Amino acid sequence: MSHINAALTPRHRLIVAQLVVEGDWPISEVAARFQVSWPTAKRWADRYRNGESMQDRSSRPHHSPNKTNHKTMRRCIALRLRLREGPVQLARRLGIAPSTVQQILARVHLNRLSHVDRATGEPVRRYEHAHPGSMIHVDVKKLGNIPQGGGWRYVGRRQGEKNRSATPGKPRNKYSDPLMGKAYVHTVIDDHSRVAYAEVHDDETALTAAAVLGRAVEWFNQRNITVARVLSDNGGAYRSHIWRDACADLDIKHKRTRPYRPQTNGKIERFHRTLTDGWAYARCYNSEAERRAELEGWLHYYNHHRPHTACGGQPPFSRLINVPGQYS
């Protein structure tokens with residue numbers, strides 16, 4: 001690509017060369033007409049005669065005797081993944097300059113520790129499907145039900161325990177049924193647009209999960225999004241025959257993450273954190289019913305108005321085209 005102050009673009013270079021070679025124009029006259037020097041016009045004419053490109057040549061040298069060898073580069077990458085040390089520490093181990101280590105890490109996109117998974121030390125592989133509906137992510141977020149009068153996060157531990165004990169249907173001690181007092185938020189998020197759909201239920205059974213999937217697919221269809229794949233973890237609901245049959249009926253291909261690898265489903269895991277901060281524990285709710293009633297409004301705000309960094313600072317619905325109610 002020519003620099004910003006270049007007198008000739010590749011198209012004009014071709015015109016100059018054709019005038020000199022094929023039109024038999026004097027080089028001096030062509031140079032004066034295009035306001036370039038005589039040697040410049042001659043250079044492009046000579047390249048045209050030799051059948052060479054009019055594009056800029058690479059400024060990379062043919063030989064780099066001081067270039068870091070591949071063995072050192074591989075060792076630098078391996079130490080970065082294993083020890084998670086910075087350029088200064090790695091440079092001391094390898095006997096090279098910190099700036100060289102920084103260049104090596106930047107070349108393989110490991111110059112930031114956020115690009116390395118802390119649990120496994122492996123590079124984080126980010127992906128995004130090309131269009132809405134190509135893949136949706138599903139999962140369940142478990143939350144403790146809010147007792148009448150408010151939970152301990154806002155009213156304190158002592159009053160929170162009193163409110164919980166006085167609320168019917170809540171576990172009264174650690175020996176109570178562990179499934180009591182839980183809210184199961186079944187979440188669905190589109191991989192490309194980050195548009196989200198969610199429902200709150202009192203269980204996470206396969207029957208409930210399959211029903212939520214059916215309603216979510218219908219919700220996406222109403223917004224001109226055809227779902228092709230669904231990605232889930234290895235929970236019991238998603239390994240059941242009910243879920244398998246539901247996906248077959250909806251003509252959706254089901255994929256599961258690798259065991260003990262939640263990073264693969266990271267988009268919906270990150271959405272759960274946003275959901276928790278923005279809705280579940282955003283303010284003091286006096287009851288679980290009050291919190292659940294606020295979910296629909298918060299989802300509308302998230303989809304239509306909340307800026308999303310993965311969408312260039314625009315809301316998720318900005319990635320959809322000609323959707324009813326897109327600008328509401």
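By the count of neighbouring beta-carbon atoms within 10 Å, fewest first, Val195, Val230 end up ordered Val230, Val195. Taking amide H positions as modeled 1.01 Å from N, with prolines and chain starts lacking one, the residues under 5 Å from Val195 and 5 or more places away or on another chain are Asp190. Residues whose amide H comes within less than 5 Å of that of Gly144, counting only those at least five positions distant or on another chain, are Ala183 (H built at 1.01 Å from N in the peptide plane).
Give the residue list of trypsin sites (Lys or Arg not before Pro) in segment 194-288 that are DSSP loop and have at most 13 other beta-carbon atoms within 10 angstrom.
Counting only loop positions with at most 13 other Cβ atoms within 10 Å, the trypsin sites (Lys or Arg not before Pro) in segment 194-288 are Arg283.
The phi torsions of segment 97-112, fed into the Karplus equation with coefficients 6.51, -1.76 and 1.60 and a -60° offset, translate into couplings of 6, x, 5, 5, 4, 4, 5, 5, 5, 5, 5, 9, 6, 10, 6, 10 Hz, rounded to whole numbers, with Gly and Pro shown as x.
Rounded, prolate or oblate: which one fits segment 70-115, using the alpha carbon gyration tensor with axes a ≥ b ≥ c (rounded when a/c is under 1.5, else prolate when a/b beats b/c, else oblate)? Cα axes put segment 70-115 in the rounded bin.
Average projection, convex hull of the Cα set of segment 10-49: 2.2 square nanometres.
Sites listed here are chymotrypsin sites (Phe, Trp or Tyr not before Pro) in segment 246-328 whose DSSP assignment is loop and whose Cβ has at most 12 other Cβ atoms within 10 Å: Tyr260, Tyr327. Phi-derived couplings, Karplus 6.51 cos²θ - 1.76 cosθ + 1.60 at θ = phi - 60°, listed residue by residue for segment 252-259: 10, 7, 9, 10, 10, 6, 5, x Hz, with x used for Gly and Pro. When you filter the GluC sites (Glu not before Pro) in segment 1-83 for DSSP loop state and at most 15 other Cβ atoms inside 10 Å of their Cβ, you are left with Glu22, Glu52. Once you reduce segment 188-225 and segment 272-307 to the center of their Cα atoms, the two points are 17 Å from each other.
None of the figures in this text is laboratory data; all of them are computed from the coordinates on show. Just so it is clear, the structure is predicted and the values come from calculations on it, not from any experiment. For neighbour counting, all protein chains shown are included, and Cβ atoms are generated from backbone atoms with ideal geometry for every residue, glycine included.
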